[in-house]
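K.L.:
Input: one structure, supplied below.
FYI, it's all coordinate maths here, none of it is from the lab. Remember, predicted model here, so these are calculated numbers, not experimental data.
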Amino acid sequence: PPYRERSQRDAPQTSDTGLRGRGTARSEEGPGMAEEEQEQQLSKEEAEMRLQQMRAAVQEQMRQINILEMDAAEHRLVLEALDPLQGGRKCFRMVGTVIVERTVSDVKPALTANLEQMKAAVKKLTESCKKQQLEADAFAAKHRLSSKQGAAQQAEEQEGADEGSSGVLI
């Protein structure tokens, strides 16, 4: 048909010649070797920027973990409030932006399932966050970068631990 001929004829011609010589081809040494070579060739500023990006990703994951933990705490409070109530009693649940009328026996299993999913997500994110933190620390050590942010974070964790175990202030 004529429309196919025209669409093929009018389509911009692409070639892979523009990709050659730009580091997209993999070497015979394997894909990991190219990445290691690039990391070794980073300038001090580039390494600092990369470390900053890695630390920002860790902070974002920590923020997500915090949000999920707060939601899980809210779910626990609601489940505790619903425990003494009879199963046929009317209650309201917000789904998205809509408030829906349900019974306690309908809502409790859904809340319990949501709570378990949140716990699993927090566990998975925590493991991922620890892994990324270790990678960032290894990157900083490899490129001999000062770990100002890492040290500050450890100091905050230490202060948090001290506050939890403190007794009487004099």
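K.L.:
Mind checking which lysines have their C-alpha under 22 Å from LYS108, skipping anything on the same chain fewer than 8 residues away?
P.N.:
Candidates past the 8-residue exclusion: LYS90, LYS119.
K.L.:
What are the ³J(HN,Hα) values, in whole Hz, obtained from phi via the Karplus relation 6.51 cos²θ - 1.76 cosθ + 1.60 with θ = phi - 60°, for each residue of region 104-109 in sequence order, with x given for Gly and Pro?
P.N.:
Going residue by residue, I get 4, 5, 7, 7, 4, x Hz, with x marking Gly and Pro.
K.L.:
OK, next. Quick one: which residues, 5+ away or cross-chain, put their amide H under 5 Å from the amide H of THR103? H built at 1.01 Å from N.
P.N.:
For THR103, whose amide H was placed from the backbone, the distant partners under 5 Å are CYS91.
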